[in-house]
1. Out of the DSSP beta bridges found with both residues in the stretch 78-189, what percent are antiparallel (nearest 5)?
2. Identify, among Q256, Y242, T232, the residue whose Cα sits farthest towards the positive end of the charge dipole of the stretch 199-263, taking +1 on the Cβ of Lys and Arg and -1 on the Cβ of Asp and Glu, with the dipole about the Cα centre.
3. 5 Å is the cut-off here: which amide hydrogens, built 1.01 Å from N in the peptide plane, fall below it relative to F71, excluding neighbours closer than 5 in sequence?
4. Taking 7 Å along the Cα-to-C-beta vector as the label spot, tell me the E172-D521 distance in nanometres, rounded to one decimal.
5. Could you give me D for the stretch 192-258, from Stokes-Einstein at 20 °C and 1.002 mPa s, where the hydrodynamic radius is the Kirkwood radius over C-alpha pairs? Units µm² s⁻¹, please.
6. Using the Karplus curve 6.51 cos²θ - 1.76 cosθ + 1.60 with θ = phi - 60°, what ³J(HN,Hα) values do you get for each residue of the stretch 122-134, in whole Hz, with x for Gly and Pro?
7. For the stretch 239-314, give the magnitude of the charge dipole about the Cα centre (Cβ charges: +1 Lys/Arg, -1 Asp/Glu; no others), in debye to the nearest 20.
8. Give me the log10 of I(q) over I(0) for the stretch 84-230 at q = 0.11 Å⁻¹, as the Debye formula computes it from C-alpha points; what are the numbers?
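All of the numbers you see were taken from the coordinates with simple rules; none came from a lab. Just so you know, these numbers come straight off a predicted model, no measurement behind them. Quick reminder, even Gly has a Cβ in these numbers, built from the backbone with ideal geometry, and neighbours come from all protein chains shown.
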Amino acid sequence: MGNCCQKHCACLEHYLPWLFSGRSRDKPVETISNPSAGGGSPDNSVGPHNLGADPPPLPPPKQNRKFVALFDYQARTEEDLGFQTGDKLEVLDSSQESWWFAKLLVENGFVKPGQKLQGYIPANYVAPDQSIEAKPWFFGGFKRADAEKQLLCPENQEGAFLIRSSESQTGEFSLSVRDQQTVKHYRIKRLDNGRFYVTKRKTFQNLNAFVRHYSRSSDGLCVKLGNPCIKTEVPATYDLSYQTVDQWEINRDSLQLLKKLGSGQFGEVWEGLWNNTTPVAIKTLKPGSMDPKDFLREAQIMKNLRHPKLIQLYAVCTLEDPIYIITELMRHGSLLEYLQNDGGSRIHLPQQVDMAAQVASGMAYLESQNYIHRDLAARNVLVGDHNVYKVADFGLARVFKLENENVYEAKHETKLPVKWTAPEAIRSNKFSIKSDVWSFGILLFEIITYGKMPYAGLMGFQVLQKLDQGYRIPQPLKCPQELYNIMLQCWSAEPKERPTFETLHWRLEDYYDMDSTSYADANTFIK
Ligand code: ATP
């Protein structure tokens with residue numbers, strides 16, 4: 001893994017290390033001129049640096065062109081190559097970062113009638129053959145909490161396991177195993193000679209041998225290793241297809257609007273289908289709600305922001321009204337409605353902390369890219385299958401034309417972003433990542449209260465007055481002191497005193513004590 005990855009790093013490399021293998025991350029990168037960058041920008045916002053300026057990936061060396069599919073992929077265009085988990089592929093051209101041209105390697109030369117053998121594949125769906133990332137049980141940068149969540153899914157049974165990179169010890173790994181309704185974790189350590197072990201009485205040349213041994217006998221572990229943990233979360237591709245990487249102004253005839261999902265201040269959101277193959281979300285904007293040129297400038301940046309906890313922008317239709325914004329589709333809609341519908345029946349503190357940690361992870365990435373969201377709130381977080389939460393609508397607030405300046409004082413409480421916005425951003429238009437941190441504090445309040453309106457009963461201007469006098473939302477019922485302390489820090493009057501998203505991310509991830517004593521001992525179960 002490259003040198004950018006620290007314990008709680010949220011960068012793409014952390015999730016998809018093989019995409020970066022063979023690329024120097026140390027080289028200085030050019031900075032693209034960014035229209036929304038600070039210095040002259042009227043509202044002091046800062047744009048991302050080095051986006052789109054990374055050196056192109058080197059083609060894989062000849063001997064390392066064989067890859068294994070980590071997930072199923074259904075071809076979306078005639079240029080695409082569909083494949084199934086475990087299929088072997090030879091990558092013939094990897095000059096484009098996210099879509100590679102590949103050949104399916106067919107076992108025994110057996111080809112089904114009509115089967116396509118060459119085409120474009122999403123690079124984040126494959127890993128180099130024989131690499132540890134290609135093993136079905138390897139879950140890379142997965143965190144301990146993720147491992148528990150995943151292993152306890154009903155699809156997994158006793159003995160289901162995964163191996164992940166250790167969060168605290170670089171170069172070491174952790175084994176997580178399902179033992180009835182709990183998950184046990186073991187540290188996989190290394191001797192000076194590189195051999196792996198959980199107990200020094202049995203060491204292994206590599207992790208394959210380790211897995212083979214403990215799949216035959218528990219030999220001190222709580223249970224014998226069974227099937228690798230099921231991978232329920234299929235990653236989003238970064239574009240709709242190879243062609244839309246550069247041409248992401250797409251023809252609106254390629255879209256079918258199937259079902260209206262909701263509407264907001266600036267238009268509607270539809271579930272749709274692109275190219276008759278690919279489910280997408282389509283945001284249709286009210287005519288006049290933004291200047292297409294401003295939008296395209298911002299969208300260019302948004303398109304390059306890539307993170308598992310951010311909604312991926314796929315494409316746009318801006319040539320005529322209404323403007324369409326095409327993004328990743330999230331099956332369960334907005335977090336606000338999700339929380340309100342649940343009201344505490346299924347969602348409890350551990351899930352709430354997990355939601356907050358996932359949002360903080362996406363925001364930590366935006367922070368690392370010097371990008372500002374400007375409208376972080378539960379209504380702008382979307383919920384996918386398997387408890388996945390992603391941040392949506394980042395940067396859009398910057399380009400919307402507000403019908404009148406009073407939008408912050410609109411009559412309906414639900415249309416009062418002022419309650420989410422830091423005082424310095426309202427008063428002096430000083431939006432920064434620290435004003436996003438303020439909004440994150442309000443989002444924490446929404447999460448813990450199952451979607452209650454903050455400052456209920458107060459109008460926007462009253463909220464501002466009270467905040468100036470030092471007032472802060474009181475500790476909500478059932479909100480633990482520790483979580484409330486985090487909210488209060490997010491609401492520090494002085495932006496500099498608010499925590500970074502990086503800090504918020506690890507504090508929330510480590511919310512449930514994860515010290516080394518919580519690791520199991522591989523000698524406990526020896527008879
Ligand atoms: P506002 O316009 O005031 O920010 P909003 O964020 O609720 O309000 P929209 O972004 O237009 O408005 O979204 C409207 C609704 O559509 C959301 O509440 C959500 O339920 C649904 N929605 C939006 N984007 C998606 C998506 N990518 N996948 C699935 N549902 C979505």
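1. Counting only bridges with both partners in the stretch 78-189, antiparallel ones make up about 90 percent.
2. Of the candidates, T232 comes out farthest on the positive side.
3. Under 5 Å from the amide H of F71 lie the amide H atoms of G86, each far enough along the sequence or on another chain.
4. Using points 7 Å along Cα→Cβ, the separation is 1.6 nm.
5. Answer, rounded: 128 µm²/s.
6. x, 5, 7, 9, 10, 9, x, 4, 6, 7, 5, 5, 7
7. Magnitude of the dipole: close to 220 debye.
8. Evaluating at q = 0.11 Å⁻¹ gives log10 I(q)/I(0) of -0.53.
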